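Here's the structure, in structure tokens; my notes come after.
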Amino acid sequence: MLGWSLFTPVLDVVLGVAGAFFVGTLVEYWGHRLMHSKLVKGVIHENHHLLGIAQGVGPEFWVYVKGAVVFSPVGFLVSFWGGVGAVTGSLAFAFVAALSHQLSHERPSLLWWQPMPVHHIHHRYNEQTVNFGISTDLWDRVFRTYRPRPYEREQLPFVATLRTITWAMPADAQYWDDYVRETPAISAKAPELKAFRRALTARRHPDGGVKHLAAPQLAAVLAEAERLRTAPPPPVPVSIPAPPPAA
Ligand SMILES: [Zn+2]
Ligand SMILES: [Zn+2]
């Protein structure tokens, strides 16, 4: 640490916060891009694409905070107030990133600062090589992976609608654990997943986001998944030669 501040305390804090958002958005972009090259969390991310749901703002925030806590104290190497700014900024960014991710999946129209909610479009078209940003489309534009698609934004009351998104662990957390985190490789053909996806599709918001299942609906899905899992396999069709025409 060189001292209390490099410029003035206020300027150091502002620069620390700005630096945290700069680094945070870059990590978000490249982290996601590396997932698609299968170098980082490849299977988990593949499962995330198959299911198309996010885990709730709280759990997602916790994932990002762990990264923020490890790297942001680097700011203290510059100055004390720079460090304070970097830690504060990285915690704020962790929240913005978690919220942006959840909104992308549930209420993309609320991402008013993006002309096209880039992560929502990335999932809607199951894109593998473009639109890697979540909280911002800036780095997609810089690294030329921005692919515009038509998007019709719904006019929603921001605060009222924000209340309706999933903040804590959702009712379908069991599925999240079973399929997204722990399953080494899921197949879209698995009957349980098919039933789950059917139920999710039925819970689509008008603006294209997917809402988590409420507990009673989850119970119905589990029952349906179990029925499909234990049902006998469909009979193999046998081709019977047509009888010779009667003389
Ligand atoms: Zn992706
Ligand atoms: Zn996502």
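Any read-out appearing in this document is the output of simple, stated calculations on the displayed coordinates, not a laboratory observation. Please read all numbers here as calculations on a predicted model, not as lab measurements. Positions of Cβ are backbone-derived with ideal geometry, glycine not excepted, and every protein chain shown enters the neighbour counts.
Annotation: amide H of residue 210 within the under-5 Å range of 106, 205, sequence separation 5 or more or interchain, hydrogens built in the peptide plane. Remark: the residue 44-residue 88 segment gains 12.9 nm on full extension, using 0.36 nm per residue and subtracting the alpha carbon distance.
Which FRET efficiency value, to the nearest 0.05, is calculated for residue 203 and residue 30 with the Förster distance at 22 angstrom and r the Cβ-Cβ distance? Could the numbers behind the result be given before it?
Working: r = 32 Å, r/R0 = 1.45.
With a Förster radius of 22 Å, E is 0.10.
Each residue, residue 164 and residue 74, gets one label point 7 Å from its Cα in the Cβ direction; the gap between the two is 4.1 nm.
Report the charge-dipole magnitude of segment 9-162 in Debye, nearest 20, computed about the Cα centre from +1 at each Lys and Arg Cβ and -1 at each Asp and Glu Cβ. Each step should come with its number before you reach the end.
Values: 11 positive and 10 negative charges, 63 e Å.
Here segment 9-162 has a charge dipole of around 300 debye.
Residue-normalised convex hull volume from the C-alpha trace of segment 7-144: 113 Å³ per residue.
Using every Cα-Cα pair within segment 19-67, state what percent have a distance larger than 13 Å.
Values: 769 of 1176 pairs.
Counting every Cα pair in segment 19-67, those more than 13 Å apart make up 65 percent.
Along each principal axis, taking the top coordinate minus the bottom one, the Cα set of segment 92-133 gives 28, 18, 17 Å in descending order.
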